[in-house]
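For reference, the structure is listed below as structure tokens.
The values are calculated or read from the model by the stated rules, or taken from the named source; none is laboratory data. None of the values given here were measured: they were computed from a predicted structure. Neighbour counts are summed over all protein chains in view; Cβ atoms, including those assigned to glycine, are modelled from backbone coordinates with ideal geometry.
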Amino acid sequence: MSPITIPGGGGTAQKYYTPVMIEGSDTLLYTDTTAKTIATIPANSMIIEIRYRVVTAFDDSGTNTFDTGITGEEDAFADGRSLEGTSALYPTFSFWSGDTSFRENAIRASETSILAKYIGSNTDSTQGELKFYITYVLLS
């Protein structure tokens with residue numbers, strides 16, 4: 001991967017870092033209705049993007065959604081994101097277009113668990129699986 005540019009704060013020069021992608025981190029299943037760790041990023045890193053792919057369609061008779069976030073803010077990246085898609089790769093969170101309040105504190109000072117949970121509105125799902133792809137940069 002080629003380096004990406006991240007603007008420095010307070011008028012400092014821009015810095016370049018090489019992104020790291022966690023390909024196909026842990027899966028989220030239809031039975032994962034409480035937040036579970038899908039990946040862990042190291043200290044001094046910043047999440048750039050989270051994408052997901054529906055491996056097996058979720059079949060709740062109501063709506064099928066999911067949340068992704070971190071401890072203390074379990075929906076920081078996606079809050080009730082719809083799972084009505086196909087097997088394409090969809091963005092869940094992007095540093096450049098995500099929640100600005102999270103972006104301001106995007107650099108994780110300590111090792112951070114990325115969490116996800118499935119939400120079926122009628123709790124009658126019998127199948128469903130997601131794979132996540134998380135891109136972050138390790139700051140030195």
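Return the residue satisfying two criteria in turn: it lies in the range 29-67 and is closer than 15 Å to residue 84 by Cα and among the aliphatic types (A, V, I, L, M), and of such residues it is surrounded by the fewest Cβ atoms within 10 Å (Cβ to Cβ).
Among those that are closer than 15 Å to residue 84 by Cα and among the aliphatic types (A, V, I, L, M), it is 55.
Do you know which of the residues in the range 108-140 that are within 21 Å of residue 55 (Cβ to Cβ) and aromatic (Phe, Trp, Tyr) is surrounded by the fewest Cβ atoms within 10 Å (Cβ to Cβ)?
The selected residue is 133.
Need at least 3 residues that are at pLDDT 90 or above and closer than 13 Å to residue 129 by Cβ per element, so show me which strands (runs of 3 or more DSSP E) inside the range 25-83 make the cut, counting only ones lying wholly within it.
On the way: elements: 27-29, 36-41, 45-56, 64-70, 73-82.
Hits in the range 25-83: none.
Could you give every pair whose Cβ atoms fall below 6 Å, whose first residue belongs to the range 66-82 and is without any contact (Cβ under 8 Å) to a residue 60 or more places away in the chain and among the polar types (S, T, N, Q), and whose second residue is in a strand (DSSP E or B) and crowded, with 18+ Cβ neighbours inside 10 Å, counting only separations of at least 6 or pairs across chains?
82/65
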